[in-house]
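The values are calculated or read from the model by the stated rules, or taken from the named source; none is laboratory data. Please read all numbers here as calculations on a predicted model, not as lab measurements. Please note: Cβ atoms are built from the backbone with ideal geometry, for glycine as well, and neighbour counts cover all protein chains shown. What goes into the accessible areas is simple: the full protein's heavy atoms, side chains included, and nothing from ligands, DNA or RNA. Shrake-Rupley method; radii C 1.70, N 1.55, O 1.52, S 1.80 Å.
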Amino acid sequence: MAISRKQREREQRRNGLIDAAEKLFFERGYDNVTMDEIADEAEVNKALLYYYFKNKEALFFAVDLRGVRILHEQYVNCSNLDVDGYTKIKSMVQSLFEFSKEYPDYFRIYRYARTERFQMSDNEDAKELVDLTTGIWRIMVEAILQGMKDGTIRKDVDPVEMSIYINVMSMSALNIDIGFKLILEGRGIHPDKFWEDLQRFLDPAITNRSLID
């Protein structure tokens, strides 16, 4: 069905507001930005901003959604590879690392949006966020199940528990406490090396093969 001119204009205006919020969230973080400042950045009055987004949290979810769509697509691409289950997991773990490097601002928002600071609301962006993040988790579980079936993944583990374990460890490794960063630097361990070592340490928990070729 064709989209009307009015619908296109509405979507363009909405995206413009998200662009403005994204710029400020990237520069200063969520807590240091106000709706007044977002309206000023978008060059609209605050009434119009509230017409499209009921509060700052709704705008934050809209920005977060942009990043999650990218990450979800990366996981889908990994899932569609014509490889065994273990290699798909390897690709997914690496895609998270690459996402954090290529889109550091989206990755920072992705982490923060999943803290206790936020509760998903019932707006469309929040619903899609839940669907996509759940989809990311399911994609990894499916790869684990495939690996169990094709013999590349251990069969004495729970696939759901393993997916959560891999995700928690990976996210933690990409969000190291500053004190630990200084300790690693003192030992000459670069963040990329720390990431590679994490995957190597995770390896025995899921397979006899190595996550690092």
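In contact with a Phe, Trp or Tyr (Cβ under 9 Å, 6 or more places away or on another chain) and of a type in the set (Ser, Thr, Tyr): is that true of Ser172 in this structure?
No: the conditions fail for Ser172.
Name the one entry in Asp156, Asp177 that is open to solvent by 90 Å² or more (accessible area, probe 1.4 Å) and of a type outside the set (A, V, I, L, M).
Asp156
Go through the residues of the range 69-83 one by one and say whether even a single one is part of a loop (DSSP other than H, G, I, E, B), among the aromatic types (Phe, Trp, Tyr) and surrounded by 15 or more Cβ atoms within 10 Å (Cβ to Cβ). No - not one qualifying residue is present in the range 69-83.
Report yes if some residue within the range 51-61 is assigned to a helix (DSSP H, G or I) and open to solvent by 60 Å² or more (accessible area, probe 1.4 Å); otherwise report no. Scanning the range 51-61 turns up at least one residue that is assigned to a helix (DSSP H, G or I) and open to solvent by 60 Å² or more (accessible area, probe 1.4 Å). Of the candidates Glu161, Glu142, Glu128, the single residue that is open to solvent by 30 Å² or more (accessible area, probe 1.4 Å) and out of contact with any helix residue (DSSP H, G or I) (no Cβ under 8 Å at 6 or more places or on another chain) is Glu161.
Inspect the range 21-34 for any residue being open to solvent by less than 80 Å² (accessible area, probe 1.4 Å), among the charged types (D, E, K, R) and either out of contact with any Gly (no Cβ under 9 Å at 6 or more places or on another chain) or more than 26 Å from Leu132 (Cα to Cα) (or both) and give the result as yes or no.
Taking the range 21-34 and keeping what is open to solvent by less than 80 Å² (accessible area, probe 1.4 Å), we get 21-22, 24-26, 29-30, 33-34.
Subset that is among the charged types (D, E, K, R): 22.
So of that shortlist, the ones also either out of contact with any Gly (no Cβ under 9 Å at 6 or more places or on another chain) or more than 26 Å from Leu132 (Cα to Cα) (or both) come out as 22.
Yes.
Looking across the range 91-107, the residues that are under 18 Å from Asp192 (Cα atoms), in contact (Cβ under 8 Å) with a residue 60 or more places away in the chain and in contact with a Phe, Trp or Tyr (Cβ under 8 Å, 6 or more places away or on another chain) come down to Phe97, Ser100, Phe107.
Scanning the range 1-28 for residues that are touching a residue at least 12 places away in the same chain (Cβ under 8 Å) and within 14 Å of Asp105 (Cβ to Cβ) yields Ile18, Asp19, Ala21, Glu22, Lys23, Leu24, Phe25, Phe26. Pairs, please: C-beta under 8 Å, at least 6 apart or cross-chain, first residue in contact (Cβ under 8 Å) with a residue 60 or more places away in the chain and closer than 12 Å to Leu59 by Cα and in the range 119-138, second part of a loop (DSSP other than H, G, I, E, B) and open to solvent by 40 Å² or more (accessible area, probe 1.4 Å)? That search, which allows pairs on different chains as well, returns Asn123/Lys54; Ala126/Met120. Listed here are the helices (runs of 4 or more DSSP H) enclosed by the range 105-213 that have at least 2 residues being in contact with a Pro (Cβ under 6 Å, 6 or more places away or on another chain) and either under 16 Å from Gly67 (Cβ atoms) or at pLDDT 95 or above (or both): 124-150. Taking every residue in the range 35-60 that is over 15 Å from Lys23 (Cα atoms) and pairing it with any residue that is open to solvent by less than 50 Å² (accessible area, probe 1.4 Å) and not in a helix (DSSP H, G or I), at least 6 positions away or on another chain, the pairs with Cβ-Cβ distances below 6 Å are Ala58/Asn123.
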